[in-house]
Amino acid sequence: MTSSRIALVTGANQGLGRALVEGLAARMSPDDLVLLTGRSPERVTAAARETGRLPGTRARVEGRVLDVTDTDAIARLAADLRARYGGVDVVLSNAVARVLPGQSQAARADEFIDVSNTATHAVLRSFGPVLRPGGRLLVVASSLGTLGHLDPRLHHLFDGASLDQVEHAVESWRSAVHHGTAREAGWPVWLNVPSKVAQVAAVRAVAAERRAQDLATGTLIASVCPGMVDTATSRPWFSDFSQAQSPATAAAAVLDLVFAERADRALYGELVRFGKPLDWHDGTPPVEQDALVTP
């Protein structure tokens, strides 16, 4: 057991994840611990070492190898942190798979879904129970995660769904992609849309079950939209990055939720962008974007 705060970030070798680790390490205390996680032992070690040496770093930074597609590994890490420290205080689920515009969306579906959705479900299931009172569990999603971005025929799969039902919907989508029936059923070609909607729906499902207890203890579970961020993942998709944020700037809004003195009840379970909740039912299906991607 420990009175120090424990924070963990997935997908933290570079980009927004790395900026989140740097921001946590700068704003936490020397007794606190920030865990930087990623798949590559070499990159994790290097990133943790470099972050720990930054002039503004105050907290300890340690690297942990974690492949988020290995759900058993996520469960083991959560159990280990509970045994060592009595739980965690901050979990930022940020891992994402990169898909380039010229690549087949269908061919990349398994990796994309495993990293963005199966892993999100595992993080929620494994780290929710070890989140200490007053903690923060935030899933990095997108404004594309509102329900209106899906064909209305699909809304019932996610609106008011339990986590089990969200998982079933995601696997049904995966199966439809493999069988070539996804478009007929209303699923968009662009993987990012159903993936983000499912992420937000999963957070909403878990939050609905925990709401009363978490609000009583000042605990916040939410999904977050950091806005357009200039990273290696997003840059191939846009021609104009004049309005894009640096990873450090985008991380600041997320970290403000982490370090807010009191968790805002209006944000609990919601998709939050720049401190404001987005309407779950907002959005329109991305017909134009579908035309730009390879099925």
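The values are calculated or read from the model by the stated rules, or taken from the named source; none is laboratory data. In this text, all values refer to a predicted model and were calculated from it rather than measured experimentally. Backbone-built Cβ (ideal geometry, glycine too); neighbour counts: all protein chains shown.
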Residue check for Val193: among the β-branched types (Val, Ile, Thr), without any contact (Cβ under 8 Å) to a residue 60 or more places away in the chain, in a helix (DSSP H, G or I) and crowded, with 20+ Cβ neighbours inside 10 Å: no
Counting just the residues of region 16-38 that are in a helix (DSSP H, G or I) and touching a strand residue (DSSP E or B) at 6+ places or on another chain (Cβ under 7 Å), which one comes out farthest from Arg58 (Cα to Cα)? Leu16
Across region 28-87, which residue is surrounded by the fewest Cβ atoms within 10 Å (Cβ to Cβ) among those that are more than 22 Å from Leu124 (Cα to Cα) and among the β-branched types (Val, Ile, Thr)? Thr45
Tally time: how many residues in region 1-15 are under 14 Å from the mean Cα position of the chain (by Cα) and part of a loop (DSSP other than H, G, I, E, B)? 3
Hey, could you check region 246-295 for residues that are outside any helix (DSSP H, G or I) and among the aromatic types (Phe, Trp, Tyr) and say which is modelled with the lowest pLDDT? Phe274
Determine whether region 98-112 contains at least one residue that is farther than 22 Å from Arg174 by Cα, in contact (Cβ under 8 Å) with a residue 12 or more places away in the chain, surrounded by 19 or more Cβ atoms within 10 Å (Cβ to Cβ) and of a type outside the set (Val, Ile, Thr). no
Residue, farthest from the chain's Cα centre (by Cα), within region 39-58, restricted to residues that are among the basic types (Lys, Arg) and more than 17 Å from Leu16 (Cα to Cα): Arg53
Does region 202-220 hold any residues that are assigned to a helix (DSSP H, G or I), farther than 17 Å from Ser126 by Cα and in contact with a Gly (Cβ under 9 Å, 6 or more places away or on another chain), and which are they? Arg211, Thr217
In the list Ala141, Ala208, which residue meets the criterion of being out of contact with any helix residue (DSSP H, G or I) (no Cβ under 9 Å at 6 or more places or on another chain), within 30 Å of Glu261 (Cβ to Cβ) and among the hydrophobic types (A, V, I, L, M, F, W, C)? Ala208
Could you tell me whether region 59-66 includes any residue that is modelled with pLDDT of 95 or more, part of a loop (DSSP other than H, G, I, E, B), over 18 Å from the mean Cα position of the chain (by Cα) and not polar (S, T, N, Q)? yes
Per the filter on region 130-165, residues under 11 Å from Pro194 (Cα atoms) and surrounded by fewer than 19 Cβ atoms within 10 Å (Cβ to Cβ) are Gly148, Asp151, His155
Going through region 73-92 in order, the residues found to be in a helix (DSSP H, G or I) and over 18 Å from the mean Cα position of the chain (by Cα) are Arg76, Ala79, Asp80, Leu81, Arg82, Ala83, Arg84, Tyr85
Just checking, does region 38-60 include any residue being within 22 Å of Asn117 (Cα to Cα) and touching a residue at least 60 places away in the same chain (Cβ under 8 Å)? no
